[in-house]
Every structure is written in structure tokens, then in C-alpha cells.
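Okay, structure first, notes after.
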Amino acid sequence: MKAIAITPGKGDARLIDIEEPSVKNDKDVKLQVLEVGICGTDREEIVGGRADAPSGSSELVIGHEMLGRVVETGKGVTKIKKGDYAMLMVRRPCNHCPFCLNNRSDMCSSGDYTERGIKGIHGYQTEFVVDHENFVIPVAEEIRDIGVLTEPLSVVIKAVDEALMLQSCRFSGIVPDLIKGKRALVAGLGPIGLLAALVLKLKGADIYGLDIVKPASVRPSIFSEIGGHYINGLELKTENIDNTYGPMDFIFEATGIAKLEFELMDALAVNGVYVLAGIPAGERPVTILGADLMRKMVLKNQVMLGSVNASYDHYIKASEELVRFKNTFSSPVSKLITERVNYRDFRNVLELHSSDEIKAIVEWSR
């Protein structure tokens, strides 16, 4: 069967032939891959960035955001059946740290985890995949067209839920609904940012979105369609956001720009929560007024939280939340996937990136 692979450290993405996997154990599930989303990690890998091949191999099949259909199951599989739509989680546990032993490989403390398509295990840019039932997430047929967004949404669900959980511990019994009616700023209106905006909107937040594209372009238009207030970063300096719109009770950062990540602290309100989901690249130094920043965080009871990956429960919730998105915001949600190409034309989306792209998809089967 066909697959898209790289040589880690070199990139050189290419189409290769590999052996088709088979069901060997009672809990195995085999899926026909329908489509795979492209994200920044994939693009980083194909130019020689962070990636590790499986032990004994010099190649890594990439791709970690997938949607498939079950074609075969082992005799012991109970939660999914042939013909169902489903997707597979990314991270696999180290099996020896306390977090992984309690089904929270997203919080692995040993660093010995593996990730499909990224670290030590082949990914999903291929025709068929087999995995253990424990890593299979059912996807409702009604979201067949957007089900590939389950993985990036799971990352958002985890970040938002854990941030609000932190605040609920601090304000339990005092503030019954922490985010409803509050100002929430999403920085970076790519796929992660727009999904975060949808989550926060459905929780009742008054959402603001920061980016550096024209208001009439695709991303701000979708953001406005769900009831958000767009902030053009080319016209308004970051340090003036709170003066113009008021301090933000919740900030979700999805740009991965280190300088901006620090600058946004100025917009955070008293008792505010700041979630970092973007991963900065490069080694460009950033100059900050460290004492002033720390003083504000202490005196304003602020929380800054980093979040990556997601647990099984977050994936399940993401799959369910996509159904809510489709029922509530059908038109804007349908616009999040901006490009679909056949796997033979993968270079058109993996190596190229249009200014209006939100989520690009490689199709393996219709």
C-alpha cells in the first residue's frame, strides 16, 4: 500500500510502498484511512524538524490527524464495529510513569512516550492502519465531513477544561459560571484558534480574536460569523488591547510567537487565566521586563498554563463537541476545512501554504 514518509532530520517527503497491516490480536482494530489533516508539525517534519523513526527503521510515515472507517476488528473488540467511522489517538504511553499508568499519556513525566507520525511510531498518511481498541475514538456519521478535526479539537478541549478547572478550584462556590459573559481573547485564528473560539463561544464567553490579516479575509470572516469581535494586530498594538476592549479574563494563545506570548500578558485581567497552546520555533531572543511581569502575575492572582496533547476523555468530548458545533454553527464550521487534495498530490498542501488556508486535508479514500 502507499504511504507518505520522510527520513527524519532530512525531511524529503515522498510517496513509498509499505506492507499493509493486519489484525493480529483480539483487541486490534483496522481502519481504512479516509483523510488526514495537515498541521504545523507535519510541515516542520518535512523540512528536517523534530521527528523520530520507529526503532530499526530509517523512515517515518507522517500524519497524526486522521479520520477512517473500520474495516475489520479483533474478536475481543466491543466499542466499535465494522463500518463505523473512527479516528485514532496520537500519543502512546511509556507504561512506567504514574500518569501513563493512569491513562494520561498526555501528561507523561518520563518523556518516553511515542507519538504516531511524530515520535517512534508510523503515522496515518497511508491507506490502512491497525491499532489497539484503547486508542480508537468513535466518530458520528453526521460529522463525517468534519470528523478529521477531532484531534486538534481534543487539544483545545484539554487546554480550556484544565484552565477552567484551575479557576473553579480557586472560586468554588463564589463564581458559579466562570466564563459565561466574560471576555475571552483568542490569539491566532488558525484551526486551533478558531476551534478554541467555538468552544469558548458555546460556553457563553464574549470572544475576541487577534490576528494580522485583513478583516474581510477568510479567518476573521469565520470568526465574526460565530459572533466574535476581530482585532487587527496590524492596526492595534498588543499593549493597547485592554485599553481599547477591556482586560481579558481568559486568553487562549495559538500563535507560537514567543514575543507576542509575553506581550499578551498586558491584556490579562485580575484573576485571569492565560493558556499557551502555540509552540514557538527558532532561537530568536526575546527581551521582557521580567520584574514587572512577575509582579503583575502575583498581585493580580493570574494563572499561566501550558498545554499539549490530550487524553482519551478529551478525544471523546471533542468528537461529541463537533456534533454540537455542526448543529449550532453549521456554516462557519463547514468552512474550517479549506483544501482537500488526493494523496498523490500531497505536495500541494504539505509543502505549500496559501494565505487563506485554515485546515488542509489529504484524502486517501472517499
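Would you be able to say whether some residue in the stretch 29-42 is over 12 Å from T126 (Cβ atoms), part of a loop (DSSP other than H, G, I, E, B) and not hydrophobic (A, V, I, L, M, F, W, C)? Looking for residues that are over 12 Å from T126 (Cβ atoms), part of a loop (DSSP other than H, G, I, E, B) and not hydrophobic (A, V, I, L, M, F, W, C), one finds none in the stretch 29-42, hence no. If you go through the stretch 134-147 and keep only what is closer than 18 Å to R91 by Cβ and open to solvent by less than 10 Å² (accessible area, probe 1.4 Å), you end up with V136, I137. Residues that are more than 20 Å from E351 (Cα to Cα), open to solvent by less than 70 Å² (accessible area, probe 1.4 Å) and polar (S, T, N, Q) within the stretch 1-50 comprise S22, Q32, listed in sequence order. For the stretch 195-217, give me each residue that is outside any loop (DSSP other than H, G, I, E, B), touching a Leu at 6+ places or on another chain (Cβ under 6 Å) and of a type in the set (A, V, I, L, M). The answer is L195, I207. For the stretch 110-164, a residue qualifies if it is farther than 30 Å from D177 by Cβ and acidic (D, E), and the qualifying residues are D112, E115, E127, D131, E133, E141, D145. Quick check: is even one residue across the stretch 279-291 open to solvent by less than 30 Å² (accessible area, probe 1.4 Å) and of a type in the set (A, V, I, L, M)? For the stretch 279-291, residues open to solvent by less than 30 Å² (accessible area, probe 1.4 Å) and of a type in the set (A, V, I, L, M): absent. Within the set V71, V129, the sole residue that is touching a residue at least 24 places away in the same chain (Cβ under 8 Å) and open to solvent by less than 10 Å² (accessible area, probe 1.4 Å) turns out to be V129. Please enumerate the residues belonging to the stretch 11-25 that are closer than 18 Å to L352 by Cα and without any contact (Cβ under 8 Å) to a residue 40 or more places away in the chain. Passing the criteria: G11, D12, R14.
Of all residues in the stretch 292-346, those that are within 16 Å of V148 (Cβ to Cβ) and of a type in the set (D, E) total 3.
Here is the figure for the stretch 298-325: residues that are open to solvent by 70 Å² or more (accessible area, probe 1.4 Å), hydrophobic (A, V, I, L, M, F, W, C) and over 26 Å from F99 (Cβ atoms) total 2. Whether a residue is in contact with a Gly (Cβ under 6 Å, 6 or more places away or on another chain), under 27 Å from T7 (Cβ atoms) and surrounded by 21 or more Cβ atoms within 10 Å (Cβ to Cβ) was assessed, and R91 does not pass this test.
Scanning the stretch 334-352 finds no residues that are polar (S, T, N, Q) and assigned to a loop (DSSP other than H, G, I, E, B).
Among the residues of the stretch 310-318, is any farther than 21 Å from A254 by Cβ, touching a residue at least 24 places away in the same chain (Cβ under 8 Å) and not in a helix (DSSP H, G or I)? If you could, list the steps in order and put the result at the bottom.
Step one: list which residues in the stretch 310-318 are farther than 21 Å from A254 by Cβ, which gives 312-313, 316.
Keeping just the survivors that are touching a residue at least 24 places away in the same chain (Cβ under 8 Å) gives 312, 316.
Among the residues that remain, those that are also not in a helix (DSSP H, G or I) are: none.
Within the stretch 310-318, none of the residues are farther than 21 Å from A254 by Cβ, touching a residue at least 24 places away in the same chain (Cβ under 8 Å) and not in a helix (DSSP H, G or I).
Set side by side, the residues L264, L195, L200 differ, and just one is closer than 18 Å to C39 by Cβ and not charged (D, E, K, R), which is L195. Identify the residue in the stretch 210-233 that is of a type in the set (A, V, I, L, M, F, W, C) and open to solvent by less than 80 Å² (accessible area, probe 1.4 Å) and, among all such residues, is nearest to I257 (Cα to Cα). For the stretch 210-233, the residue satisfying everything is L210.
Would the stretch 244-262 turn up any residue that is more than 26 Å from the chain's Cα centre (by Cα), modelled with pLDDT of 95 or more and assigned to a helix (DSSP H, G or I)? Looking for residues that are more than 26 Å from the chain's Cα centre (by Cα), modelled with pLDDT of 95 or more and assigned to a helix (DSSP H, G or I), one finds at least one in the stretch 244-262, hence yes. Residues in the stretch 63-80 that are at pLDDT 95 or above and over 19 Å from the mean Cα position of the chain (by Cα): R69, V70, V71, E72, T73, G74, K75, G76, V77, T78, I80. Of the residues in the stretch 43-55, not one is within 18 Å of E127 (Cβ to Cβ), among the acidic types (D, E) and in a strand (DSSP E or B). Exactly one residue out of R116, R104 is under 15 Å from E65 (Cβ atoms) and either without any contact (Cβ under 8 Å) to a residue 24 or more places away in the chain or of a type in the set (D, E, K, R) (or both), and it is R116. Screening L236, L268 for residues that are surrounded by 15 or more Cβ atoms within 10 Å (Cβ to Cβ) and out of contact with any Gly (no Cβ under 7 Å at 6 or more places or on another chain) leaves exactly one candidate, L268. Of all the criteria given as (1) at pLDDT 95 or above; (2) out of contact with any Asp or Glu (no Cβ under 9 Å at 6 or more places or on another chain), the one not satisfied by V186 is (2). Beta carbons closer than 6 Å, at least 6 apart along the sequence or on distinct chains, pair a first residue in the stretch 51-62 that is modelled with pLDDT of 95 or more and crowded, with 19+ Cβ neighbours inside 10 Å with a second that is of a type in the set (S, T, Y) and not in a loop (DSSP other than H, G, I, E, B) for V61/T126.
The values are calculated or read from the model by the stated rules, or taken from the named source; none is laboratory data. These numbers come from a predicted model, not from an experiment. As a convention, Cβ positions derive from the backbone with ideal geometry for all residues, glycine included, and neighbour counts pool all protein chains shown. Just the protein is used for accessible areas: all its heavy atoms, side chains included, with ligands, DNA and RNA removed. Shrake-Rupley method; radii C 1.70, N 1.55, O 1.52, S 1.80 Å.
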